[in-house]
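Report on the structure given below.
Derivation of every value follows stated rules applied to the coordinates shown; laboratory data play no part. Being a predicted model, the structure only gives us computed values, none of them experimental. FYI the Cβ positions are ideal-geometry reconstructions off the backbone, even for glycines, and counts take in every protein chain you see.
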Amino acid sequence: MTTTLRTDLPTLAGTARQLTHAGRGILAADESIKTMSSRLEQQGIPASEAARRDYRELLITAEGLSDWVSGVIWSDETFGQDLSDGRPFPQAARELGVLPGIKVDTGTSKLPNGGGALITEGLDGLGDRLASYADRGAAFAKWRAVFDVATITPYSARANGHALARYAALCQRHGIVPIVEPEVLCTGGHDLGASAQASSLALRTLFDELAQAGVDLSGIVLKPNFVTPGLEGAPATAGTVAAATFRVLSDTVPASLAGIAFLSGGQSTADVCESLRELHRNGDRPWPVTFSFGRALVSDALAAWGGDVRNVAAAQEILVANCRQAGQATR
Ligand code: 13P
């Protein structure tokens, strides 16, 4: 029997480059059922499987989305749903020019003896789940570790970095590009220095763990926070945020990394796009930088939709305008 080697499959590095190429970024629409339901209810929309599906269909079918968006992340529920025309979401995304991604962690719990720090769960059985997602068309995955400047310790950074590295190594084995997300929250009243210190600890530990796990950095995407003062503290200018973020990243992130896609962390669309624009202007960067925003792209669109089919087109226009603003910050 002869085996034909397929040469038409994209490489991990090729997919990671596609996701972070200048001018486009990633739309994070992977809220858990619980989080999405509460966001719908905040807008007066009764939460249901159908309402969550309709909302995610509104996002992915927005005209012109793929001009600015290279990939979309969903949770397991959406990944297994069909659009109203019967196409599975992952198939529809590819047909619309957007790579489908899947959030595979299962959320956080208190890290035992961690002094209030969290650990992200989901490694048990992950290989089988990744195999199934790959069969159903997933190009990339996401795992989010969450740190608070008040509770991060070397131990919590190590435990979460280790989990992220095991997840990333498994993804690569299944031909899926891992997005590794060590998020330092920007809630609170801390100053920029506290964010820089916590972000450095999280990133330095993460890249040590990735190296030990043999993860190929040319086939992953890093999803960090911007280094900012806490949202309840005195704000910093975009130039200051970009400079502090660049300092932390250049101290901790190897030049061989495929690319960086930032989260928005609850900052306004204008603020976070301005920070991205300032950082993108820095010509000394060894890695491409783009966005992987959730709320900064979708919050206005969700409010405009309000669960009413008559508002779909207006909500889609708002979404694409926000994606354009983010994309233009990297052109
Ligand atoms: P925000 O941009 O709303 O922070 O969400 C991005 C994300 O995917 C967090 O995991």
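Report the one residue of 33, 101, 78 whose Cα lies farthest in the direction of the positive end of the charge dipole of the range 1-102 (charges on C-beta: Lys and Arg +1, Asp and Glu -1; origin at the Cα centre). So the residue we want is 101. The label point for residue 11 and the one for residue 109, both projected 7 Å from the Cα toward the Cβ, are 4.0 nm apart. Farthest toward the dipole's positive end in the chain, which of 133, 187, 244, given Cβ charges of +1 (Lys, Arg) and -1 (Asp, Glu) about the Cα centre? Most positive-ward Cα: 244. If you bin the C-alpha pair distances of the range 74-131 every 5 Å from 0, what whole percents do you get? Going out from 0 Å in 5 Å bins, the range 74-131 shows 4, 16, 18, 18, 14, 12, 8, 5, 4, 1 percent. A cut-off of 5 Å between modelled amide H atoms, ignoring neighbours fewer than 5 places along the same chain, links residue 117 with 111.
Taking the alpha carbon gyration tensor of the chain, multiplying each eigenvalue by 5 and rooting it gives semi-axes of 28, 25, 20 Å, largest first. Taking 113, 160, 225 as the candidate residues, the one with maximal mean-square fluctuation in a Gaussian network model of the chain, Cα springs under 10 Å, is 113.
In summary, the helical segments of the chain meeting the span-like criteria, namely a full DSSP H run, a Cα extent along the axis of 27 angstrom or more and a mean Kyte-Doolittle hydropathy of at least 0.0, are 192-212.
Here the spin labels are modelled as points 7 Å beyond Cα on the Cα-Cβ line, and at residue 49 and residue 173 they lie 3.2 nm apart. Annotation for the range 280-331 versus the range 150-169: alpha-carbon center distance of 29 Å. Per residue, the chain reaches -14000 deg cm²/dmol at 222 nm when only DSSP H runs of four or more residues are counted, each adding -39500 (n - 2.57). Using a cut-off of 13 Å between alpha-carbon atoms, which aspartates and glutamates can reach residue 142, once sequence neighbours fewer than 8 places away in the same chain are excluded? Straight-distance partners of residue 142: 30, 31, 76, 105, 121, 181, 183.
Leaving out same-chain residues fewer than 8 places away, which lysines sit with a Cα under 16 Å from that of residue 34? Residue 34 reaches 103. Under a 5 Å amide H cut-off, with hydrogens placed 1.01 Å from N, residue 69 pairs with 25 among residues at least 5 apart or on other chains.
Please order 35, 245, 61 by the number of other Cβ within 10 Å, starting at the fewest. The partial results should precede the final answer.
Numbers: 35 13, 245 27, 61 16.
By the 10 Å Cβ count, ascending, the order reads 35, 61, 245.
Dipole magnitude for the chain: about 540 debye, using +1 per Lys or Arg Cβ and -1 per Asp or Glu Cβ, origin at the Cα centre.
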